[in-house]
Structure formats: structure tokens, C-alpha cells
Amino acid sequence: MKEAIAKRAQELGFDDCRFTSASAPESATHFRHWLERGWQGEMAYLERNAAKRMDPQRVLPGARTCVTLAASYAAEKSEPRAWTPAGEGGLGVVARYARFGDYHKVLGERLKLLAAFMDELGGPAARSLWYVDTGPMLERDLAQRAGLGFVGKHTNLISRRLGNWIFLAEILTTTELEPDAPEPNRCGSCSRCISACPTAAIAGPFQLDARRCISYLTIESKGPIPVELRAAMGNRIYGCDDCLAACPWNRFAREGRLMKAHERRELAAPALLEMLLLDEAGFQRRFAGTPILRARRRGLRRNVCVALGNGGDRHALRALEKAAAEPDPLVAEHARWAIDQIQTREPHA
């Protein structure tokens, strides 16, 4: 049955498929301690459903197996872009996972088919639940136990076959299947990801303080970005890839079959002034069907103000002054900060 499921997963476009038991992840205690430190920041949902994350039986009673899957989102010309003089105001950088159609939908459509296939194989009593990054599961820990990869020092999953440019998904099922061997950690003495983090969010090996992470600050956090972290954001307006890009295991990364058809290259480096000037309708049109909607318009414009301030381009002052006069205090404060940054130093070369 495992071979049939893995074959069907491959037919549906997944790049890897592995199996583990539905018992509690060994890292549950580590996760609880992480929450106790408050490193989850504003992500209160992590604490609300912590009990489920630490025990798959609370998610699907009677679950016996967790099928873990990976879909690569590596692409040929997707290296993070530095500052560029092209266009007044400069360009922003979007994390490469968001340069596609929304992976939740793309993977979810395939997972639904795979789960139905598994239930058919498992018989009338079989039940399955599938998730793409949204369910109450410690998916990276389960994926490591299944042998899909290992959790690196940056706390992301690394595959020896695919690098760390991968989306994860899982299917919990009541059907009992033989587990695959777990993957041991293979970071060794390497600490490139820790050194690469612009805001020192990786406090130590396997220790991520999300409150300092640029991905968290530009996507999950809905309030003001701490002033002391703004300069380190550079021109990143949605997410950050620095710790992932630094990983030497990416030499094995290959372009993903499933996500290739959903690539949105125009999202890689959007013009900052254009993003700042978007109204709500324009924001919805521009980013329809992409993960970027998660930041919401005010959050994206907040991020753009920081990027413009870091860029130092005086061509941005007029648009920033207009934003600074808006009634939204979040955007207005970040616009005023950006104006001050531009006016108190030489324009970026």
C-alpha cells in the first residue's frame, strides 16, 4: 500500500513522500518551552492549539499514520535581489515561496485527491485529514521522523534531495502503514544560517525568536515594526530568505514540478512606489490568488515605507509625505520614519 500511495503522490506532482507513525513528536517539550519564552510573538493561535500540535491523536482520534509530503519551489532565476537603480524609489524583494500562486490551494487540491485515494485503499472504516501549513501539527518534526529531511539550525526542514526550498504537507490517516526511518541531523558544524540572519533572530542552533524574524515582522505581525530592526530589513517587503539561501544543502535543490506552472515572476521584485500607491482594489487585483494577501494592504504598505526609508531615494519623498498624512496611524508612522531616514543621510548610490 505504501508503494501505491507514494506512486500516486508522485503522479500528483509531489517531489517526495514519506511515512511515520501518528504518535506525538519527540520535540513536543521543546515546542512548549518555546511558547513559554514568548518567542511566538503575536501568533496566539500557536498557543491556543498547542495541545493538538503536541498530540496528533487530538487532531484525528484513532490516527495511526502520518504521510508527509514535499513540493519543491526552487526555481532557476530566483536569487534574492539587492538594491537596484531601476525605477525611481527602487524595487522590493519578496520571499521566493510567495512568488507563486497560493501554495495552500495548489497543494490542497492534490492532497484532497491523495487522501481520497488512501481512504479507498484503506477500506470503508479508513479516515484521513490533510493539511498544508494550516493544521495544528508540528509538521517539520513529523517530516524529520518520516525521513523527509532534517530540521536545520534555522529551524526549517532541509532535504538532502531538495535542499530547503520546499513546501510541506501531511495527511493523517487511521490506516496503519509501516513507518520509514527518520533522518538524522546533518548540519554538522555549519552555522551559515545563523550568521546570515540580518536581525539575529536565530538566537542559537535550533532557537528561533520569531519576534525578530523578518518573515514574522513583514507578514505575521500586524503592529509597528520595532525601530531598531527596521534598517536590517533592507528592501524586503514580504518575508526573508537569507537563512534558507545560506544553506549548503541547496546545491541539491531542483526546480519543482508541481509549482513551476504557478510561478509569478512579476512578484519577485515589485516597484516600491507602485506598491505604496496601491488602493485596496488595486492591492486585491495585483495579489489575487497569492500568499501576499496575508499581509493585507496596510501591512504591505508599512513594509514598503521601511524599504523606501532604507533605500534613501529622494524621489520617494512626495509619496511618503502623502502616506504620512493618512489617517491610518500604522502606515503614517512608518512613512514619517522613512522620510526622516531619507532626509538625514545621502541618497543610496
(message) Suppose a student asked you for the relative contact order of the range 175-321, using Cα pairs under 8 Å spaced at least 6 residues apart; what percent would you report?
(response) 27 percent
(message) Compute the angle between helix 296-311 and the longest alpha-carbon principal axis of the chain, please, reported from 0 to 90 degrees and rounded to the nearest 10.
(response) 60 degrees
(request) With a 4.7 Å Cβ cut-off, tell me which Cys residues in the chain come up empty for a partner. (result) Cys17, Cys66, Cys187, Cys190, Cys197, Cys213, Cys240, Cys247, Cys305
(request) Calculate how steeply helix 2-11 sits against the longest principal axis of the alpha-carbon atoms of the chain, using the helix alpha-carbon long axis, and give the answer as 0 to 90 degrees to the nearest 10. (result) 30 degrees
(message) Take Glu26 and Ser195, extend 7 Å from each Cα along the Cα→Cβ direction, and tell me the distance between the two endpoints in nm.
(response) 2.9 nm
(message) Can you give me the convex hull volume of the Cα atoms of the range 103-180, divided per residue and expressed in Å³?
(response) 102 Å³
(request) Counting only C-alpha contacts under 8 Å and six or more residues apart, can you give the relative contact order of the chain as a whole percent? (result) 23 percent
(request) Could you sort 223-235, 143-155 so that the peptide with the highest average Cβ count within 10 Å comes first and the rest follow in order? (result) 143-155, 223-235
(message) With Cα extents along the principal axes in Å as the read-out, I listed (1) 68, 51, 39; (2) 67, 38, 38; (3) 65, 46, 37; which label goes with the value calculated from this structure?
(response) (2)
(request) Compute the FRET efficiency between Ala116 and Arg58 as 1/(1 + (r/R0)^6), taking r as their Cβ-Cβ distance and R0 = 25 Å, and round to the nearest 0.05. (result) 0.60
(request) Please report, largest first and rounded to whole Å, the three semi-axes of the ellipsoid equivalent to the range 208-283, where each semi-axis is the square root of five times an eigenvalue of the C-alpha gyration tensor. (result) 25, 21, 11
(message) What does the net charge come to around Ala335 if you take all other residues with beta carbon closer than 15 Å to its beta carbon, with K and R at +1 and D and E at -1?
(response) +3
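Rule-based calculations on the coordinates, nothing more; no lab input. Small disclaimer: the values here were computed from a predicted structure and weren't measured. So basically every Cβ, Gly included, is an ideal-geometry build from the backbone, and we count neighbours across all protein chains shown.
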